[in-house]
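Structure, as structure tokens:
The values are calculated or read from the model by the stated rules, or taken from the named source; none is laboratory data. These numbers were taken from a predicted model, which means no experiment stands behind them. Positions of Cβ are backbone-derived with ideal geometry, glycine not excepted, and every protein chain shown enters the neighbour counts. The accessibility values were calculated without ligands, DNA or RNA, using every heavy atom of the protein model including side chains. Shrake-Rupley method; radii C 1.70, N 1.55, O 1.52, S 1.80 Å.
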Amino acid sequence: MSENTTFKNTSRREFLKQAGVALAASTTGFPSVLLPNRDRTLGVALCGLGNYSTTQLAPGLQKTEHCELRGIVTGSPEKIPVWQERHGIPDRNVYTYETLPDIADNDDIDVVYIVTPPGVHARDAIKAAKAGKHVWCEKPMAMDAAECRAVIDAADKNGVQLTVGYRMQHEPNTQTIIRYGEEETYGAVTSVETGAGYNGAHPDPDDWRRDAELGGGALYDMGVYPINAARYATGLEPVAARGRTWSEREEMYSEVPEFAEFELEFPGGVVAKGETSFGKSTNYLDVECTDGWYQLRPFQSYSGVQGKTSDGTKLPPDPHDQQARQMDDDAQAIKQDRAPIVPGKEGLADIRIVNAIMESDRKDGARIEL
């Protein structure tokens, strides 16, 4: 059976089950890597010290119970003393992207969290996996399916766990939405409409979000949120995609799309429509079912994710730190030797869709089979 045929006939529940089985099989024979003392706090090294690491992940690690910040990997020497002073990072736990392989000899570090631009995710994730460290890779996982598979293969071959930083799948209201779809609480899902974007700008010409080779553009940066949401809301894998991308501020986004719209076809005639942008604020997940509906608005903010249903049920915001919850969940998966909530194959599935949307755009909105 071909890869395409497998994806077409696999529901998301089956997909994750298969991913978990594959992970368990691939990690056999590496007990020293996979089975740390379950009472021990795992050491995390942040690879890439940009805004997300600085303002979300590092503070989140201060709130975790099962892991802690112990190392940094950076290409910016001027950031090293700042991070060392702020977070108590010793010299022995400081690495550059070139010296990252040396982390293999450092027992302080159990996990490398890849937070570099998407265009170099595969480079850094593969180095970390080959060093025998578990890999948490920020979204989007990589630039294309081949890079995603290379990361998955590196993790499998080196007996380490690989997860993708989709924090929303750890968020309680999002998990409720997933459960509604699985249990058909409001009947079978018939359609989904979802969008994630912000009305902003990236004036720095060196910003990776303006650079096509580094994975810039709204589709890679924000588009994976509605793509992933369409999949977890339906519990299905799409069979085809259409899409278009464009930019309105060409002086800023000449290399990458500022806007994107897409339509995903799922088995049984279920359709999901999505949008993403750097020039329009959107943050919604609306799910229509045979016996009702439910929604999250906002659905992918760092806080305040909330929703309601057609029968009046309220889904109030959860007060806990999303990043801390995500990292604790992933740390416990390592310590308990179980499959993570978001395995690497989840990232691969979304990037295949991103690439299909881009192909559809190049072909004037043609239907692209997945």
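One line per residue, one yes/no per condition, for (1) surrounded by fewer than 19 Cβ atoms within 10 Å (Cβ to Cβ); (2) among the charged types (D, E, K, R); (3) in a loop (DSSP other than H, G, I, E, B):
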{"site": "54", "(1), (2), (3)": "yes, no, no"}
{"site": "71", "(1), (2), (3)": "no, no, no"}
{"site": "77", "(1), (2), (3)": "yes, no, yes"}
{"site": "112", "(1), (2), (3)": "no, no, no"}
{"site": "152", "(1), (2), (3)": "no, no, no"}
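Show the residue pairs that are 6+ apart or on different chains and have beta-carbon atoms under 7 Å apart, the first residue being within region 43-59 and closer than 11 Å to residue 327 by Cβ, the second being modelled with pLDDT of 95 or more and hydroxyl-bearing (Ser, Thr, Tyr).
44/113; 46/53; 46/113; 56/302; 57/113
Which residue, of 129, 142, 125, is open to solvent by less than 10 Å² (accessible area, probe 1.4 Å), among the small types (Gly, Ala, Ser) and touching a residue at least 40 places away in the same chain (Cβ under 8 Å)?
Details: 129 fails: touching a residue at least 40 places away in the same chain (Cβ under 8 Å); 125 fails: touching a residue at least 40 places away in the same chain (Cβ under 8 Å).
When all the criteria are applied, what remains is 142.
Going by what's in this entry, would residue 171 be described as open to solvent by 50 Å² or more (accessible area, probe 1.4 Å) and either of a type in the set (A, V, I, L, M) or within 19 Å of residue 224 (Cα to Cα) (or both)?
Numbers: open to solvent by 50 Å² or more (accessible area, probe 1.4 Å): no; either of a type in the set (A, V, I, L, M) or within 19 Å of residue 224 (Cα to Cα) (or both): yes.
No; evaluated as a whole, the condition is false for this residue.
Please state which of the following conditions residue 209 fails to meet, knowing it meets all the rest: (1) buried (at least 21 other Cβ atoms within 10 Å of the Cβ); (2) not in a helix (DSSP H, G or I); (3) not acidic (Asp, Glu).
(2)
Looking at 361, 330, 350 in this structure, which one is over 20 Å from the mean Cα position of the chain (by Cα), crowded, with 21+ Cβ neighbours inside 10 Å and assigned to a helix (DSSP H, G or I)?
On the way: 330 fails: over 20 Å from the mean Cα position of the chain (by Cα); 350 fails: over 20 Å from the mean Cα position of the chain (by Cα).
Criteria check complete, one pass: 361.
Restricting to region 55-95, what's the tally of residues that are polar (S, T, N, Q) and in contact with a strand residue (DSSP E or B) (Cβ under 9 Å, 6 or more places away or on another chain)? Please lay out each step first, then the result.
Applying the first criterion (polar (S, T, N, Q)) to region 55-95 yields 55-56, 62, 64, 74, 76, 84, 93.
If we keep only those that are in contact with a strand residue (DSSP E or B) (Cβ under 9 Å, 6 or more places away or on another chain) too, we end up with 62, 64, 74, 84, 93.
Residues in region 55-95 being polar (S, T, N, Q) and in contact with a strand residue (DSSP E or B) (Cβ under 9 Å, 6 or more places away or on another chain): 5 in total.
Quick one: in region 295-313, of everything that is of a type in the set (D, E, K, R) and within 26 Å of the chain's Cα centre (by Cα), which residue is farthest from residue 283 (Cα to Cα)? It would help to see each step written out before you state the result.
Narrowing region 295-313 to residues of a type in the set (D, E, K, R): 297, 308, 311.
After this cut, where a residue has to be within 26 Å of the chain's Cα centre (by Cα) as well, the list is 297, 308.
Working: 297: 6, 308: 15 Å.
The residue in question is 308.
Restricting to region 114-128, count the residues that are of a type outside the set (A, V, I, L, M), assigned to a loop (DSSP other than H, G, I, E, B) and under 10 Å from residue 47 (Cβ atoms).
Looking only at that region, the number is 1.
Applying the selection to region 292-327, what residues are assigned to a helix (DSSP H, G or I) and more than 25 Å from residue 148 (Cβ to Cβ)? Walk me through it before giving the result.
Here is the first cut: in region 292-327, the ones assigned to a helix (DSSP H, G or I) are 322-327.
Residue satisfying the conditions is 324 alone.
Checking the condition touching a strand residue (DSSP E or B) at 6+ places or on another chain (Cβ under 9 Å), open to solvent by 10 Å² or more (accessible area, probe 1.4 Å) and farther than 23 Å from residue 241 by Cα, which residue from 308, 273 passes? Let's see the steps before the verdict.
Numbers: 273 fails: farther than 23 Å from residue 241 by Cα.
Sole residue among the options that is touching a strand residue (DSSP E or B) at 6+ places or on another chain (Cβ under 9 Å), open to solvent by 10 Å² or more (accessible area, probe 1.4 Å) and farther than 23 Å from residue 241 by Cα: 308.
Do you know which residues across region 266-280 are under 19 Å from the mean Cα position of the chain (by Cα) and either assigned to a loop (DSSP other than H, G, I, E, B) or more than 19 Å from residue 349 (Cα to Cα) (or both)?
277, 278
From the list 237, 255, exactly one residue is open to solvent by less than 10 Å² (accessible area, probe 1.4 Å), closer than 19 Å to residue 144 by Cβ and acidic (Asp, Glu). Which is it? Steps first, answer last, please.
On the way: 255 fails: open to solvent by less than 10 Å² (accessible area, probe 1.4 Å).
Result of the check over 237, 255: 237.
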